[in-house]
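Novice: I'd like to ask some things about the structure below.
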């Protein structure tokens with residue numbers, strides 16, 4: 001049984017990153033190289049971002065939060081994640097206050 005677990009773990013550790021995470025990983029590494037983020041292990045950083053995002057998305061599914069409350073939760077998430085990457089609080093707040101452009105043709109664009 002132990003051998004089977006070790007073989008499965010080796011297969012998982014050798015599997016290529018999922019395409020949907022490649023851009024996020026690239027951006028985290030680029031920010032680290034530019035000195036904007038302090039990141040040790042980019043895989044752990046990506047897991048933290050993904051887990052936090054899933055938690056906020058879950059609020060939209062399992063709670064009776066209003067769209068405005070979910071928008072505030074997303075803004076708070078961005079602030080917390082930037083803080084996690086050691087972005088100074090003033091800079092993080094300034095970044096989070098910026099207007100986001102919409103993506104043409106995306107179902108969520110207003």
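Read-outs: derived from the displayed coordinates by stated rules, not from any lab. These figures come from a predicted structure and were not determined experimentally. Methodologically, a virtual Cβ is constructed for each residue, glycine included, from the backbone with ideal geometry; neighbour enumeration extends over all protein chains shown.
Novice: Only one residue in 82, 54 is without any contact (Cβ under 8 Å) to a residue 60 or more places away in the chain, surrounded by 13 or more Cβ atoms within 10 Å (Cβ to Cβ) and either within 12 Å of the chain's Cα centre (by Cα) or closer than 25 Å to residue 38 by Cβ (or both). Which one?
Specialist: Residue meeting the stated conditions: 82.
Novice: Going by what's in this entry, would residue 34 be described as closer than 21 Å to residue 23 by Cβ and loosely packed, with under 11 Cβ neighbours inside 10 Å?
Specialist: Here the answer is yes, as residue 34 does meet what is asked.
Novice: Taking only the range 57-72 into account, find how many residues are within 22 Å of residue 99 (Cα to Cα) and loosely packed, with under 11 Cβ neighbours inside 10 Å.
Specialist: Residues flagged as within 22 Å of residue 99 (Cα to Cα) and loosely packed, with under 11 Cβ neighbours inside 10 Å within the range 57-72 amount to 3.
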